[in-house]
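Notes for the one structure printed next.
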Amino acid sequence: KTLLSGRSIRYENNDKVGVFYKSSNQGVATVDASTVPVSMTMATDVTITQGSTLYAYYPYRDALQAVNAVKMRIPLRQYQDADSYDSDAMPMASLPFVLSEGSKQSAGDIYMRNLASVVEFNIYSTKLAYTRERIVSVSVEAQAGVAGDFDYDITTVTGDSVDDLPSLVDKTVRTYVSIPKSFGTGKDKAAKVYMVLKPGELSGYVRVKT
């Protein structure tokens, strides 16, 4: 699973990335995180010829898919441990890339774009009683949909823009902290909890459970 390292997403070995050749021919690429930059090896049931345009997305879903309606999800339940965030929750799509040297050669560089936003909650208190508490989860109760399942046309992603996500239904999202965190004692020592949400203005409530 991918992780959030600081404010950057990094891959782990054997992460799966979906790759489309034409509208409905889907293959799967396996990540090798030991290389710099990270590399991916793709397996597909069809021959991909030189000059073909490919589209990639993450996380891979083993389901009947179409390139203009890829099934994606911002989960209602998200998780992080003490130091890193499980960003399987972040849907991503690539810029289109052209296979330059034939079906068994390198496709060149692949650039992924985030389709959602990462919210960073900085949690602290100057009251001693609160600093003794341990953060178990953070939840957002929004006035409009910020998570859930959606279909996305990954052919629309460009270097300059990403189409807005469609309307989402779910309004409540929670991040669970697997190793509970202590409240920070000040702004510069705040405990950080992350959450992936639909981009846009957010109105509602944030609740911290201890």
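The values are calculated or read from the model by the stated rules, or taken from the named source; none is laboratory data. These figures come from a predicted structure and were not determined experimentally. We place every Cβ from the backbone using ideal geometry, glycine too, and count neighbours over all the protein chains shown. For the accessible areas, the whole protein counts, side chains as well, though only heavy atoms, and no ligand, DNA or RNA atoms are used. Shrake-Rupley method; radii C 1.70, N 1.55, O 1.52, S 1.80 Å.
Remark: relative contact order (the chain) = 22 percent; criterion is Cα-Cα distance under 8 angstrom and separation of 6 or more residues.
Modelled spin-label separation between Val98 and Thr158, with each label point placed 7 Å from Cα along the Cα-to-Cβ direction: 1.7 nm. For region 137-150, the Karplus equation 6.51 cos²θ - 1.76 cosθ + 1.60, evaluated at θ = phi - 60°, returns couplings of 7, 10, 10, 10, 10, 8, 8, 9, x, 10, 7, x, 8, 7 Hz by residue, with Gly and Pro reported as x.
Using the Cβ-Cβ distance between Lys22 and Ser167 with R0 = 22 Å, the FRET efficiency computed as 1/(1 + (r/R0)^6) comes to roughly 0.15. In percent, rounded to a whole number, the relative contact order of region 101-210 is 44, using alpha-carbon pairs under 8 Å and six or more apart. The share of Cα pairs per 10 Å bin across region 60-210, counted from zero up to the longest distance, runs 10, 33, 29, 17, 8, 2, 0 percent.
Note that region 84-206 presents 54 Å² accessible area per residue, ligands and nucleic acids not counted, probe 1.4 Å.
Hey, what did region 117-182 get for relative contact order, percent, Cα under 8 Å, at least 6 apart? Don't skip to the answer; put the middle values down first.
Details: 72 pairs, mean separation 29.6, N = 66.
About 45 percent, as a whole number.
Between the listed residues Tyr130, Leu115, Phe97, the Cα displaced farthest toward the positive end of the dipole of the chain, a dipole computed from Cβ unit charges relative to the Cα centre, is found at Tyr130.
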